[in-house]
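Reading through the structure tokens given below for one structure.
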Amino acid sequence: MLGRKLFSKEVVMKNVVPKKPVRGFTLIELLMVLAIGAGLLFGVFVAVSKVQSKALVKEAAENLNLMVAETRAKYKAQGNFTGVSPQVLINNRIPPQQMIQGNNIVDPWNQNIAVAPTNVNNPNDAVRFTYPAVPRDDCSNFVQAAEGAFGRVIVGATVVKNLYANPPVPLNVGTLGTACSADATVAISFDQMR
């Protein structure tokens, strides 16, 4: 009789816990999760962009410093830079291969780099590398990374460094910042004597 009571409807019904309805996420909860995820993705994107920009600037400065050093070495015996041009540098295997497109030397911002003789004390006694359209956000970092190998640096129409002047003018960071902020892209010329 005891066994019957255990399995009777009455006993079984008392031990059953009524099920609560399963509750899902509300629309607001889902939107909040999506908003947080989008914010995190945006933060990662910004961080990656800044790192890529710094790496691009560093590589551009290193390539420029290598090109000017090799150009000076090639022209040492000649005594001046008469005849220097992008094509002459390409023919002498001076620019890194990844910068050569046809007869042009191309910077990381996909602009043709101009290379020409310029005058400091005498005709053609210096070489000038001109980057025609460096983005404002990269301008200051690029100049600061590359300027050590050059005696004169011109950003737009502003001379920001001139070691050939009397007295010499070292790099002026305030002037550089103002010159780099003038336009969305800025032309930068780097001059170096033999």
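The values are calculated or read from the model by the stated rules, or taken from the named source; none is laboratory data. No experiment lies behind these values; they were computed from the predicted model shown. Every residue, glycine among them, receives a Cβ derived from its backbone with ideal geometry; neighbour counts consider all protein chains shown. Remember, those area values only see protein heavy atoms, side chains included, never the ligands or the DNA or RNA. Shrake-Rupley method; radii C 1.70, N 1.55, O 1.52, S 1.80 Å.
Collect the residues in segment 57-75 that are closer than 27 Å to residue 137 by Cα and open to solvent by 70 Å² or more (accessible area, probe 1.4 Å), keeping them in residue-number order. Please lay out each step first, then the result.
Residues of segment 57-75 that are closer than 27 Å to residue 137 by Cα, as a first pass: 57-69.
Answer for segment 57-75, where residues must be closer than 27 Å to residue 137 by Cα and open to solvent by 70 Å² or more (accessible area, probe 1.4 Å): 58, 59, 62, 66.
Need at least 1 residues that are free of Cβ contacts under 8 Å to residues at least 40 places away in the same chain, buried (at least 19 other Cβ atoms within 10 Å of the Cβ) and within 19 Å of the chain's Cα centre (by Cα) per element, so show me which strands (runs of 3 or more DSSP E) inside segment 90-161 make the cut, counting only ones lying wholly within it. Spell out how you get there, then give the answer.
Numbers: elements: 114-118, 126-135, 152-155.
Qualifying strands (runs of 3 or more DSSP E): 152-155.
Sort out which residues of segment 1-56 are surrounded by 10 or more Cβ atoms within 10 Å (Cβ to Cβ), at pLDDT 70 or above and not in a helix (DSSP H, G or I), and write them in order of number.
Hit for segment 1-56 is 25, nothing else.
Suppose the filter is touching a residue at least 12 places away in the same chain (Cβ under 8 Å), open to solvent by less than 60 Å² (accessible area, probe 1.4 Å), part of a strand (DSSP E or B) and not β-branched (Val, Ile, Thr); does residue 190 pass it? Can you show your working first?
Working: touching a residue at least 12 places away in the same chain (Cβ under 8 Å): yes; open to solvent by less than 60 Å² (accessible area, probe 1.4 Å): yes; part of a strand (DSSP E or B): yes; not β-branched (Val, Ile, Thr): yes.
Answer is yes for this residue.
Only one residue in 124, 110 is out of contact with any strand residue (DSSP E or B) (no Cβ under 6 Å at 6 or more places or on another chain) and among the polar types (S, T, N, Q). Which one? So that I can check it myself, show each step before the final result.
Values: 124 fails: out of contact with any strand residue (DSSP E or B) (no Cβ under 6 Å at 6 or more places or on another chain).
That would be 110, the only listed residue that is out of contact with any strand residue (DSSP E or B) (no Cβ under 6 Å at 6 or more places or on another chain) and among the polar types (S, T, N, Q).
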